[in-house]
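The structure appears right after this line, and notes come after that.
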Amino acid sequence: MKIKTALILCAGFGKRLNPLTLKTPKPLLKLKNITMLENCINLIINLGIEKIYLNTFHLGGQIFDFIKSK
């Protein structure tokens, strides 16, 4: 059975990373010039998974705008 769908949880407040997450959601924080979200998406695509869902809440509009720009 092949996995076809992935869910990335992006809804948390990221309280342990304050003050970084006060204005930027944790998935959009960068590590080595790539956001954590983009890194996760690239890994999922490399696994051959066809559909990706994102669960957002805290500053979700920024995540939506990021995905839309890609």
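Of the residues 36, 1, the one with the largest accessible area comes first in the ranking 1, 36, computed with a 1.4 Å probe on protein heavy atoms.
Comparing 35, 46, 64 along the charge dipole axis of the chain, the residue lying farthest to the positive side is 35, per the Cβ-charge model.
Each residue, residue 39 and residue 16, gets one label point 7 Å from its Cα in the Cβ direction; the gap between the two is 1.5 nm.
For the range 7-70, the percent of C-alpha pairs falling in each 10 Å distance bin, counted from 0 to the bin holding the largest distance, reads 21, 55, 21, 2. Remark: the range 43-58, residue by residue, has Karplus-estimated 3J(HN,Hα) of 5, 5, 4, 5, 7, x, 6, 8, 10, 10, 10, 10, 9, 10, 8, 5 Hz, where x stands for each Gly or Pro and the curve is 6.51 cos²θ - 1.76 cosθ + 1.60 at θ = phi - 60°.
Karplus-derived 3J(HN,Hα) values for the range 15-23, using 6.51 cos²θ - 1.76 cosθ + 1.60 with θ = phi - 60°, are 4, 6, 9, 4, x, 4, 9, 5, 10 Hz; glycine and proline are entered as x.
Within the accessible area of the chain, the carbon and sulfur atoms contribute 60%, probe 1.4 Å, all protein chains present.
A 1.4 Å probe run over the chain, with the rest of the protein chains in place, finds 79 Å² accessible per residue.
The values are calculated or read from the model by the stated rules, or taken from the named source; none is laboratory data. All values reported here derive from a predicted model rather than from experimental measurement. Neighbour counts run over all protein chains shown; Cβ positions are idealised from the backbone, glycine included. Accessible surface is based on the protein model in full, side chains and every heavy atom, while ligands, DNA and RNA are left aside. Shrake-Rupley method; radii C 1.70, N 1.55, O 1.52, S 1.80 Å.
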